[in-house]
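Heads up, the thing below is written out as structure tokens.
The values are calculated or read from the model by the stated rules, or taken from the named source; none is laboratory data. Only a predicted model underlies this, so the values are computations on that prediction, with no experimental measurement involved. Glycine gets a Cβ as well: all are built from the backbone with ideal geometry, and neighbour counts include every protein chain shown. To get the accessible areas, we keep the full protein, side chains included, count just its heavy atoms, and leave off ligands, DNA and RNA. Shrake-Rupley method; radii C 1.70, N 1.55, O 1.52, S 1.80 Å.
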Amino acid sequence: SCKHHMVTSNTSLLFYFFIHILFMVTLISFFFLPTAEPATVAPAEVPAPTPVEFPSHAPYLLIGGGTASFAAARSIRARDPGARVLIITDEPDLPYMRPPLSKELWFSDDPSVVDTLRFKQWNGKERSIYFQPPSFYVSPQDLEKVENGGVAVLTGKKVVHMDVRGNKVTLSDNTEISYDKCLIATGGVPRNLQVIERAGEEVTKRTTLFRKVEDFKALDKVSRDTKSITIIGGGFLGSELACALGRRSADSDLEVIQMFPEKGNMGKVLPEYLSNWTTAKVKSEGVTIITEALVKAVSFKDGKVEIKLKDGRVVKTDHIVAAVGLEPSVELAKSAGLEVDSDFGGFRVNAELQARSNIWVAGDAACFYDIRLGRRRVEHHDHAVVSGRLAGENMTGANKPYWHQSMFWSDLGPDVGYEAIGIVDSSLPTVGVFAKATAKDTPKAATEKSGTGIRSESETEGTASSPVASSTPEPPPVPEQKDNYGKGVIFYLRDKVVVGIILWNVFNRMPVARKIIKDGEEHADLNEVAKLFNIHED
């Protein structure tokens, strides 16, 4: 009986052991062995590649991929050679310069210019619109580990939120990147007219807002495929595009119309006599000019875009280019708790371009305090260079105020150009001093002599300690001699002090103009001051 009991116990033990083993095998197979199911859920379990695409932290984070951002990156690297700089841009392109999009690219005789984005400068030298080739940049995923730092660009990504306390930004795909120091250089978006926005899809798809590489490519195609283009806007961009398209219309049957509310081209900037002269110049390029034009309604009828003006005039066209200004991109102000200037627009910053202790703003989006001329916001290439460079210096501890006046320039083709500095507003009193132009007084000749195409590239490095006046005793002619404004200097005055200067077909003299504004003195005789520019020399 004792023996029988032992056998029974052993059998029970074996049975329980077998059950235990079976349970463990089932458990292991459930958790670790593949089944038919996971094939459908596997993709969700594969980690997204996002984290390895770019760093989660950047010592220097630059929001925006334009000129100001690139200038800041170059400045940061110059002062902090091991710096790691990450540029985030919502454009698909690496940093490039915008001026050639409305200037030189249109005058290229290379049929592949739209693809190469390479152009001949007025001086004959060829270059690309991109500041640097792709090889200049570090790939974003290598930024944290590359030995001597570098500049990386994250393209096609938009910053949608700033956590100022946490020193981090959120991208549109919810990725977060932290920073030590941050630059906002978001630029702006082209304004549109409300009457166009309300006009419906047929009108909006036949309207170009000109700002980016894609806009240049699209308008180039339109100019080859349509019969009529109407530019609304009489400022720099509108007038440059009118001249460019007008020049192109000479070789085709393209009709180019430019309309604006002012009495003449660049009417808000130039004194009336020069505005009239400029209008005549644009007309001579084959452009039909419609002045004092206030757009009342836009519609699409019988295959044409119809523009009705307030005075009853009607213009029929195939395509509209709206060149009516820029709206600074300040969407980040809300989440970042930054102040937007109610008068000028843009992020309000101090003289050191600082919005908060470790946040700076540069370029079109900055409403800055100029220690010479007061609160300002400037939308020009050279200001983007100057302010970006200053912001970069201050991000590395320079603590320098904004005083180096940026210049801007506008070329109406290769033959007429002007450079300007300070506050140039046609509502201010002006004094113009003119001389007879010679063959060398054109943008083309000036760039051939100086060896630079984007004039500000050499100009912003220039300095003037004490300008030397020309010894030529010839008295300057007064502006009354109509139509002959070959070259000259126009002074803009506020309380008898020169606050702005335009150099009309006078080149490579900007340091002299900068010094006059920096000195801020009253001048009894501006004819004498004009001699500093040597405009009477042949």
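Observations on the structure shown:
- Look at where the Cα atoms of the range 358-396 and of the range 296-338 average out, and the two centres are 29 Å apart.
- For the range 172-226 versus the range 146-164, the gap between their alpha-carbon centres in whole angstrom: 22 Å
- Extension gain, V146 back to D215 (0.36 nm per residue minus Cα-Cα distance, nm): 21.3 nm
- Under a 5 Å amide H cut-off, with hydrogens placed 1.01 Å from N, V340 pairs with R348 among residues at least 5 apart or on other chains.
- A simple rule links phi to the HN-Hα coupling: the Karplus curve 6.51 cos²θ - 1.76 cosθ + 1.60 with θ = phi - 60°, which for the range 275-289 gives 4, 4, 4, 5, 4, 4, 5, 5, 4, 5, 7, x, 9, 8, 9 Hz, with x for Gly and Pro.
- Peptide ranges 250-256, 232-238 listed from the most packed, as the mean C-beta count within 10 angstrom indicates: 232-238, 250-256
- Local net charge near V213, Cβ-Cβ under 12 Å (Lys/Arg +1, Asp/Glu -1): -2
- Gain on full stretching of the segment that runs from D251 to K304 - 0.36 nm per residue minus C-alpha separation: 16.8 nm
- Zero-based 5 Å bins, Cα pair distances in the range 151-209, whole percents: 4, 13, 19, 16, 10, 11, 12, 10, 6, 0
- Counting DSSP beta bridges with both ends in the range 190-326, the antiparallel % (nearest 5): 40 percent
- Summing Lys and Arg as +1 and Asp and Glu as -1 over all other residues whose Cβ lies under 15 Å from the Cβ of G156 gives a net charge of -3.
- Label-reachable residues, the range 219-256, where backbone N falls under 13 Å from a point 7 Å from R118's Cα toward its Cβ: none
- Residues E522 and T155, FRET efficiency given R0 of 60 Å [Cβ-Cβ distance, rounded to 0.05]: 0.75
- Magnitude of the charge dipole, the range 190-326, Cβ model with Lys/Arg +1 and Asp/Glu -1, debye to 20: 160 debye
- Gain upon complete extension [K125, D225; 0.36 nm per residue less C-alpha separation]: 33.0 nm
- log₁₀ of I(q)/I(0) at q = 0.19, 0.22 Å⁻¹ - the range 280-330, Debye sum with one point per alpha carbon: -0.81, -0.97
- Under 13 Å, Cβ to Cβ, from M395 - net charge with Lys/Arg +1 and Asp/Glu -1: +4
- Rolling a 1.4 Å probe over the protein heavy atoms leaves S75 with an accessible area of roughly 10 Å².
- Top positive-direction residue, dipole computed over the range 190-326 with Cβ charges, set G246, G234, A280: G234
- Between E331 and T288, the modelled label-to-label distance comes to 3.9 nm, taking each label 7 Å out from Cα in the direction of the beta carbon.
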